[in-house]
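Enquirer: Structure incoming, see below.
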Amino acid sequence: MDDTSKYLIVDKDVLPKVFLKVIETKRLVSVEGLSVSDAAASVGISRSAFYKYRDKVFPLGENRRGTTVIIALSLDHRPGLLSNVLNTIADFGANILTINQTIPINGVANITISAEVGALTEGIESLVLKIKEAEGVLALKIIARE
């Protein structure tokens, strides 16, 4: 098997039951409006099991278009750096939804960007690596994925 493959397609009949329960919990939260606690309890899993697997299992076709990430960045306060980051995100095919920037303190600007990444031309890992490698990027962390 190719070691670069990150995803597999597996028949749900051979999956551990907890994965199917996580998928059902996600549905109950997003469609039915239940809290995570109530949804997890109703399918018979703990909240910790849900949070452990929620970003790792999903039905085929889900989690592609419409997937949103929130990225926190610290950048040197220099002209053009934020523009370069935004261009990199756009070059990968992501759609930027929001940008929030603090007033630079001690030459460092803190920025939060939310972006729809369902149509990326490469994986999110490649995007993050490309941004991290850019000159002037001091720190980068994905703080949420939906």
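The values are calculated or read from the model by the stated rules, or taken from the named source; none is laboratory data. Bear in mind the structure is a predicted one, so any value in this text is a computation, not a measurement. Reconstructed Cβ throughout: ideal geometry from the backbone, glycine too, with neighbour counts over all protein chains shown. Areas reflect the complete protein model, heavy atoms only, side chains present, ligands, DNA and RNA absent. Shrake-Rupley method; radii C 1.70, N 1.55, O 1.52, S 1.80 Å.
Enquirer: Among the residues of the range 35-67, how many are within 27 Å of Ser126 (Cα to Cα) and either open to solvent by less than 30 Å² (accessible area, probe 1.4 Å) or modelled with pLDDT of 90 or more (or both)?
Expert: At the first step, the residues of the range 35-67 found to be within 27 Å of Ser126 (Cα to Cα) are 50-67.
This time we only want the ones that are either open to solvent by less than 30 Å² (accessible area, probe 1.4 Å) or modelled with pLDDT of 90 or more (or both), so: 50-53, 57, 67.
Qualifying residue count for the region: 6.
Yes or no, residue by residue, for (1) of a type in the set (A, V, I, L, M); (2) surrounded by 15 or more Cβ atoms within 10 Å (Cβ to Cβ); (3) in contact with a Ser or Thr (Cβ under 8 Å, 6 or more places away or on another chain):
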site	(1), (2), (3)
Gly80	no, no, no
Asn87	no, no, no
Leu97	yes, no, yes
Ile105	yes, no, no
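Enquirer: Scan Ala115, Ala119, Ala139, Ala144 and give me the residue that is buried (at least 17 other Cβ atoms within 10 Å of the Cβ) and among the small types (Gly, Ala, Ser).
Expert: Numbers: Ala119 fails: buried (at least 17 other Cβ atoms within 10 Å of the Cβ); Ala139 fails: buried (at least 17 other Cβ atoms within 10 Å of the Cβ); Ala144 fails: buried (at least 17 other Cβ atoms within 10 Å of the Cβ).
Result: Ala115 is the single residue among Ala115, Ala119, Ala139, Ala144 that is buried (at least 17 other Cβ atoms within 10 Å of the Cβ) and among the small types (Gly, Ala, Ser).
Enquirer: Considering only residues that are closer than 26 Å to Arg54 by Cα, part of a strand (DSSP E or B) and of a type outside the set (A, V, I, L, M), which ones fall in the range 103-146?
Expert: Correct list: Thr112, Ser114, Glu116, Lys141, Arg145.
Enquirer: A further question follows. Could you pull out the residue among Val85, Val108 that is aliphatic (A, V, I, L, M) and in contact with a helix residue (DSSP H, G or I) (Cβ under 9 Å, 6 or more places away or on another chain)? Give the steps one after another, and end with the answer.
Expert: Values: Val108 fails: in contact with a helix residue (DSSP H, G or I) (Cβ under 9 Å, 6 or more places away or on another chain).
Val85 is the lone residue from the list that is aliphatic (A, V, I, L, M) and in contact with a helix residue (DSSP H, G or I) (Cβ under 9 Å, 6 or more places away or on another chain).
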